[in-house]
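Colleague: Encoded as structure tokens, here's the structure I'll be asking about.
The values are calculated or read from the model by the stated rules, or taken from the named source; none is laboratory data. Being a predicted model, the structure only gives us computed values, none of them experimental. In this analysis, Cβ positions are derived from the backbone assuming ideal geometry, glycine residues included, and neighbour counts consider all displayed protein chains. Side chains included, ligands, DNA and RNA excluded: accessible areas come from the protein's heavy atoms. Shrake-Rupley method; radii C 1.70, N 1.55, O 1.52, S 1.80 Å.
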Amino acid sequence: MSRAFSLLESLASASEPLRLIEVAQLAGLQKSTAHRLLGTLVELGYVRQEASGRYGATLRTWEFGARTVAQLPIKRIAAGFIHGLHRTIGETVSLTLLSGLDVIYLDKLIAPRPVQFRTSVGSRVPALFTASGKAMLSRRPDGVELARQSAELHGLDIAAVSAELDEARSRGYAISSYSPGVLSIGVAVEAGSAAAEAGLSVSAPSEHLVGADRDAVIGALLEAGARMSEALAQP
């Protein structure tokens with residue numbers, strides 16, 4: 001079963017349908033094993049095989065993910081807050097969830113002006129590469145250890161990462177420039193005494209987040225994050 005899931009993950013993360021040998025290599029399987037498992041997944045409706053012979057994940061895989069996300073309390077509670085923040089500041093707003101050393105983008109409202117982003121709903125990115133991820137790590141009891149593991153994994157300077165988390169903890173928000181030319185500001189969303197597992201961020205062209213405009217965005221973001229935290233803490 002684990003090998004079948006590995007195949008599905010490889011197909012779902014690909015930007016286009018893959019050849020059998022490509023799927024087998026990504027999943028770390030023998031070509032014959034991958035072919036047999038793919039045949040079963042095609043029969044079950046989770047994988048499609050195109051006329052070219054290439055394989056791709058079907059919408060049935062998306063259905064499972066969409067239903068799972070819809071069941072998350074944070075997704076339901078956050079909807080009003082992220083839409084309100086988006087209307088107030090007119091910039092891109094994202095909702096993320098911590099997953100191990102990464103964050104997953106649960107929702108993303110794009111600003112009307114065109115901006116090139118590396119992330120979209122469903123993207124998984126190392127937490128240390130994102131503003132909301134760094135904000136969450138700065139607020140968690142195990143944040144320093146998670147940051148250390150991620151820094152070692154991605155070849156980052158551990159001392160610099162620790163200093164950045166300290167600064168984020170002190171001021172209440174974190175900053176990142178993961179996408180070229182785009183600046184992101186993120187806050188952690190906490191439910192009472194529980195460790196921060198969700199984050200809220202605003203992303204905009206770097207030139208839009210300067211001076212008074214930047215202060216206004218930070219103020220609106222901090223307020224939205226605090227109100228969302230209060231809503232999550234309600235029984």
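Colleague: Would you grab the residues whose amide H sits under 5 Å from the one on D102? Only those 5+ places off in sequence or on another chain, please, with H modelled 1.01 Å from N.
Modeller: Hits under the 5 Å cutoff: A127.
Colleague: Around S52, what is the net charge, scoring Lys/Arg as +1 and Asp/Glu as -1 over all other residues with Cβ under 14 Å from its Cβ?
Modeller: Local net charge: 0.
Colleague: Quick one: accessible surface of S177, probe radius 1.4 Å, all protein chains present, in square angstrom to the nearest 10.
Modeller: Per-residue accessible area (S177): approximately 80 Å².
Colleague: Between A24, A196, A79, which gets the highest mean-square fluctuation from a Gaussian network model of the chain, Cα cutoff 10 Å?
Modeller: Result: A24 has the largest fluctuation of those listed.
Colleague: Starting from 0.36 nm per residue, how many nanometres of slack lie between F64 and R19 once their C-alpha separation is accounted for?
Modeller: 13.8 nm
Colleague: Can you work out the FRET efficiency for the pair D213 and S170, with r the C-beta to C-beta distance and R0 = 22 Å, to the nearest 0.05?
Modeller: 0.45
Colleague: Please arrange L44, L20 by accessible surface area, largest first, computed with a 1.4 Å probe and ligands excluded.
Modeller: Of L44, L20, the descending order of accessible area is L44, L20.
Colleague: Tell me the per residue accessible area of the chain using a 1.4 Å probe; a whole number in Å² is fine.
Modeller: 53
Colleague: What are the extents of the Cα atoms of the chain along their three principal axes, listed from largest to smallest and rounded to whole Å?
Modeller: 59, 41, 38
Colleague: Under 5 Å between amide H atoms, partner at least 5 residues away or on a different chain: which partners does V182 have, H built in plane at 1.01 Å?
Modeller: S206
Colleague: Rounded, prolate or oblate: which fits segment 125-235, taking a ≥ b ≥ c as square roots of the Cα gyration tensor eigenvalues, rounded meaning a/c under 1.5, else prolate when a/b beats b/c?
Modeller: oblate
Colleague: Also, quick follow-up: Could you order L232, L95, L156, L26 so the one with the most accessible surface comes first? Probe is 1.4 Å.
Modeller: L26, L156, L232, L95
Colleague: For H83 and L153, compute 0.36 nm times the residue count separating them, minus their Cα-Cα distance, and round to one decimal in nm.
Modeller: 21.7 nm
Colleague: Simple spin-label model, 7 Å along Cα-to-Cβ: Q49 to Q71 in nm?
Modeller: In this crude label model, Q49 to Q71 measures out at 3.2 nm.
Colleague: Let me ask something additional. On a full-extension model of 0.36 nm per residue, what is the gain between E223 and R36, subtracting their alpha-carbon distance, rounded to one decimal in nm?
Modeller: My answer for the length gained is 62.0 nm.
Colleague: About the Cα centre of the chain, what is the dipole size in debye to 20, counting +1 per Lys and Arg Cβ and -1 per Asp and Glu Cβ, all else neutral?
Modeller: It comes to approximately 700 debye.
Colleague: Using only Cα atoms, find the angle between the long axis of helix 31-44 and the longest principal axis of the chain, and express it within 0 to 90 degrees, rounded to the nearest 10.
Modeller: 80
Colleague: Tell me the net charge near L18. Cut-off is 11 Å between Cβ atoms, L18 excluded, with +1 for each Lys or Arg and -1 for each Asp or Glu.
Modeller: Net charge in that neighbourhood comes out at -1.
Colleague: Can you give me the relative contact order of the chain as a percent, contacts being Cα pairs under 8 Å and 6 or more apart?
Modeller: 16
Colleague: Once the whole set of protein chains is in place, how much accessible area is left on L37, using a 1.4 Å probe, in Å² to the nearest 10?
Modeller: Ignoring ligands and nucleic acids, L37 comes out at about 30 Å².
Colleague: Using a 1.4 Å probe on the protein chains only, how many percent of the accessible area of the chain belongs to carbon and sulfur?
Modeller: Taking all protein chains in place, the chain shows 53 percent carbon and sulfur surface.
Colleague: List the aspartates and glutamates whose Cα sits under 19 Å from the Cα of K75, skipping any in the same chain fewer than 8 residues away.
Modeller: E63, D102, D107, E190, E197, E223, E230
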